[in-house]
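The values are calculated or read from the model by the stated rules, or taken from the named source; none is laboratory data. Worth saying up front: this structure is predicted, and the values here are computed from it rather than measured. Note that we place each Cβ from the backbone using ideal geometry, even for glycine, and neighbour counts take in every protein chain shown.
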Amino acid sequence: MKIHEYQARDILSQAGVPVPPAVTIDNADDAARVFKDVTKDMGQKKLAVVKAQVHAGGRGKAGFVKLVKTPEEATEAARFMLSNKMVSVQTGPEGLEVTKLLMAAGVDIAHEYYLAITTDRKTRRHVLIASSEGGVEIEKVAEENPDAIVRERLHPLLGLQPYQARKVAFALGFKGKLVNQAVKTMMALAKVFLEKDCSIAEINPLIVTPPSDAHPDGELLAIDAKFNFDDNALFRHKDLQGMFDPTEENPSELRAQRMGLSYIALDGNIGCLVNGAGLAMATMDTIALEGGTPANFLDVGGSASEEAVTEAFRIILDDKAVKGVLVNIFGGIMDCAVIAQGIVNAATEIGFEVPLVVRLEGTNVEAGRKILEDASGKLTTLQAAKDLGDAAKKVAAAVA
């Protein structure tokens with residue numbers, strides 16, 4: 001599960017990480033008043049940042065992060081963001097609708113850093129990742145200048161230790177009182193990561209302000225943050241469940257979730273309905289091998305009901321890009337005759353107009369194939385396949 005930046009900032013603040021004051025709004029008419037509130041302690045030189053709250057990166061390049069110096073500029077920026085879809089490399093050409101904005105007090109920046117904790121699948125351990133080149137796409141930094149990335153793996157039981165955080169702070173070039181500030185921030189981030197069952201906890205950028213009378217070495221502030229959480233652990237976190245924003249999710253994926261289906265929308269034109277995650281991946285690979293492009297990943301599980309299969313078909317066919325559907329069922333726990341009858345009933349109820357290729361294998365498969373054969377008269381787009389390769393060839397040819 002993902003959350004918005006303003007929610008991530010609240011989590012960091014509660015953990016003791018310094019975060020500039022900010023307010024969220026959903027109406028452009030509130031922008032001028034909020035600008036005055038967040039900049040009231042800044043004297044004559046006022047500056048604020050208006051940021052779209054969406055679950056996608058690339059906001060700055062898309063024009064959905066704007067620095068504003070007056071209430072009028074704040075209102076103009078808010079109106080633009082709330083009335084236009086944000087299109088970036090992460091959203092696709094369809095873009096995302098913006099319904100919330102974060103307005104924060106502007107801060108002077110002397111340097112930007114990157115700080116995150118995630119899981120290193122190669123070593124099967126959590127890892128602290130840091131760089132002195134923050135504020136940009138960290139993937140580009142890792143590709144173009146890998147030496148700029150500092151990694152420190154966490155102990156499986158003890159987590160991040162203070163000496164490790166200090167080691168990273170020195171590697172990033174922190175000096176004076178900034179060292180202890182950096183250590184405190186890293187330890188707080190590591191604590192949040194473990195306590196909240198995160199899959200990633202990221203601060204980018206973590207900034208240092210110029211020296212001042214109050215902070216001779218500068219002050220460390222988190223001005224942007226991102227948290228993703230392990231869905232399987234959300235039952236332990238009622239507070240996080242309340243942060244879920246359904247408007248940021250694919251509606252079809254939410255429908256599937258309510259029916260106990262695992263569905264992920266893709267950009268192809270061949271819908272897939274499969275029982276088992278591994279078999280679903282193999283089905284998608286085989287479709288691609290035959291020159292087709294999968295429109296989705298959909299696992300109906302090991303004991304899908306006729307109701308679930310019917311809803312799965314509806315979800316697939318609601319995608320207007322789908323030109324054909326491949327059903328691949330292996331009857332281990334499931335009886336092929338039962339699932340075949342469920343497919344026929346569901347397809348009849350919905351009314352199939354696109355090619356439907358069905359491959360069955362496993363328990364009671366002959367009876368299942370007979371049901372499909374008998375139904376082919378009323379389901380004119382239905383084709384039975386003898387194996388997965390045959391099914392992929394037939395559906396790829398049908399949509400070509």
With the checklist (1) in contact with a strand residue (DSSP E or B) (Cβ under 7 Å, 6 or more places away or on another chain); (2) hydrophobic (A, V, I, L, M, F, W, C); (3) assigned to a helix (DSSP H, G or I); (4) farther than 25 Å from T91 by Cβ in hand, flag the one item L240 doesn't pass. (4)
For the range 225-247, name all the residues that are surrounded by 14 or more Cβ atoms within 10 Å (Cβ to Cβ) and either at positive phi or without any contact (Cβ under 8 Å) to a residue 24 or more places away in the chain (or both). none
For the range 21-46, what are the residues that are assigned to a loop (DSSP other than H, G, I, E, B) and either surrounded by fewer than 18 Cβ atoms within 10 Å (Cβ to Cβ) or of a type in the set (S, T, Y) (or both)? P21, D26, N27, T39, K40, D41, M42, G43, Q44, K45
A careful count of residues in the range 233-254 that are within 26 Å of T310 (Cβ to Cβ) and in contact with an Asp or Glu (Cβ under 7 Å, 6 or more places away or on another chain) gives 1
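The rows are residues; the columns are (1) at pLDDT 95 or above; (2) surrounded by 15 or more Cβ atoms within 10 Å (Cβ to Cβ).
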{"residue": "T91", "(1), (2)": "no, yes"}
{"residue": "G95", "(1), (2)": "no, yes"}
{"residue": "T99", "(1), (2)": "no, no"}
{"residue": "A104", "(1), (2)": "no, yes"}
{"residue": "D108", "(1), (2)": "no, no"}
{"residue": "T123", "(1), (2)": "no, no"}
{"residue": "I129", "(1), (2)": "yes, yes"}
{"residue": "S132", "(1), (2)": "no, yes"}
{"residue": "E143", "(1), (2)": "no, no"}
List pairs: first in the range 51-67 and within 13 Å of V136 (Cβ to Cβ) and assigned by TED's automatic domain parsing to the domain that holds V89, second at pLDDT below 90 and assigned to a loop (DSSP other than H, G, I, E, B), Cβ under 6 Å, 6+ apart or cross-chain? G57/Q90; G58/S88; G58/V89; G58/Q90
Looking at the structure I just gave you, is A201 over 30 Å from D213 (Cα atoms), at pLDDT 95 or above and either assigned by TED's automatic domain parsing to the domain that holds F227 or of a type in the set (S, T, N, Q) (or both)? yes
Mind telling me which of the residues A340, A256 ends up being surrounded by 15 or more Cβ atoms within 10 Å (Cβ to Cβ), touching a helix residue (DSSP H, G or I) at 6+ places or on another chain (Cβ under 6 Å) and over 22 Å from K393 (Cβ atoms)? A256
Run A346 past the list (1) more than 14 Å from A398 (Cβ to Cβ); (2) hydrophobic (A, V, I, L, M, F, W, C); (3) in a loop (DSSP other than H, G, I, E, B) and report the number of the one that doesn't hold. (3)
Going residue by residue through the range 326-334, is there one that turns out to be assigned by TED's automatic domain parsing to the domain that holds T283 and more than 20 Å from M281 (Cβ to Cβ)? no
Condition first: of a type outside the set (S, T, N, Q), part of a loop (DSSP other than H, G, I, E, B) and more than 25 Å from the chain's Cα centre (by Cα). Now tell me which residues in the range 132-185 satisfy that. P156, L157, L158, L160, L172, G173, F174, K175, G176
Pick from A28, A56: which is touching a strand residue (DSSP E or B) at 6+ places or on another chain (Cβ under 8 Å) and of a type in the set (A, V, I, L, M)? A56
The listed residue being part of a helix (DSSP H, G or I), of a type in the set (K, R) and under 23 Å from the mean Cα position of the chain (by Cα), out of R314, R255: R255
Considering (1) among the aliphatic types (A, V, I, L, M); (2) in a loop (DSSP other than H, G, I, E, B); (3) surrounded by 13 or more Cβ atoms within 10 Å (Cβ to Cβ), say which one L221 fails and leave the rest. (2)
Scanning the range 204-215 for residues that are loosely packed, with under 12 Cβ neighbours inside 10 Å and either under 16 Å from G106 (Cβ atoms) or modelled with pLDDT of 90 or more (or both) gives S212
